[in-house]
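The values are calculated or read from the model by the stated rules, or taken from the named source; none is laboratory data. Owing to the predicted nature of the structure, the values given are computational and were not obtained by experimental measurement. A quick note on method: Cβ atoms are made from the backbone with ideal geometry, for glycine too, and the neighbour counts reach across all protein chains shown.
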Amino acid sequence: MIKKSLYPKTKRITDGESNIIITEKLDGSNIGFFKLKDELVIATRNNIFNLEEADGLAKDFLYKGMSEWLKLNGQHLKESLNEGSGFFGEWMGMGKIKYTELDKKVYMFAKANINEKLDIYNLYYDVYLLKYPFVDAVIPEYINIVPVVENVKKYPTINQLDEIYLKYAGNKDDYVEGFVVQYKNQVSKYVRMKNGKLQKHKENS
């Protein structure tokens, strides 16, 4: 196992930038899966290990439910990924929000490639590209993509996101933590739920 964080920190949205895909920000834990040298590489927030190592790791290094999930799906996931390819997503079930409408443990939000030094490149956030790390561009049934909220032609202001949030959250049974705005292969987050409580979005927190 290696002590390392693969996924970069996501900046917060500010009022004035401009455009495209709004997805729901899920209250999960960052997870990455990649195929390298015919091994399944797993990246949690701060650690990287392979499928074989995962079987012997203490629970402190694994997310809740991960050991069982990997036993069921790990080998198939390795066979489903193209060599040198993989994705980042949210591991569900450890946050403050308890979802009833989402039935997968993993929801993808980015695709990428990995090299032998365990460096990430070709990182793309476009949800419509997320099928391509997989053989024949087929996403396994035990994985899904983060929910798409809306496609917009101009980059939304915070006031506009407030309006979209009220409408979107009002149509759901589950709480909505916020949104992620994808634009020119960059992402910014708009956060409304913090520690299980609704609040106004803060640009610099």
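Keeping to region 31-42, report how many residues are out of contact with any Phe, Trp or Tyr (no Cβ under 7 Å at 6 or more places or on another chain) and either under 16 Å from S80 (Cβ atoms) or crowded, with 20+ Cβ neighbours inside 10 Å (or both). Lay out the reasoning, then the answer.
Step one: of region 31-42, the residues out of contact with any Phe, Trp or Tyr (no Cβ under 7 Å at 6 or more places or on another chain) are 34-39.
Checking the rest, the ones that are also either under 16 Å from S80 (Cβ atoms) or crowded, with 20+ Cβ neighbours inside 10 Å (or both) come to 34-36, 38-39.
Looking only at that region, the number is 5.
Considering only region 108-145, state which residues are in contact with a helix residue (DSSP H, G or I) (Cβ under 7 Å, 6 or more places away or on another chain) and over 14 Å from G86 (Cα atoms).
Listed by number, the list holds a single entry, Y142.
Do you know which of the residues in region 117-163 that are without any contact (Cβ under 8 Å) to a residue 60 or more places away in the chain and of a type in the set (D, E) is surrounded by the most Cβ atoms within 10 Å (Cβ to Cβ)?
D162
If we only count strands (runs of 3 or more DSSP E) wholly inside region 105-205, which ones have 2 or more residues that are modelled with pLDDT of 95 or more and over 20 Å from G93 (Cβ atoms)?
The strands (runs of 3 or more DSSP E) meeting that bar are 106-114, 120-124, 148-151, 178-183, 186-191.
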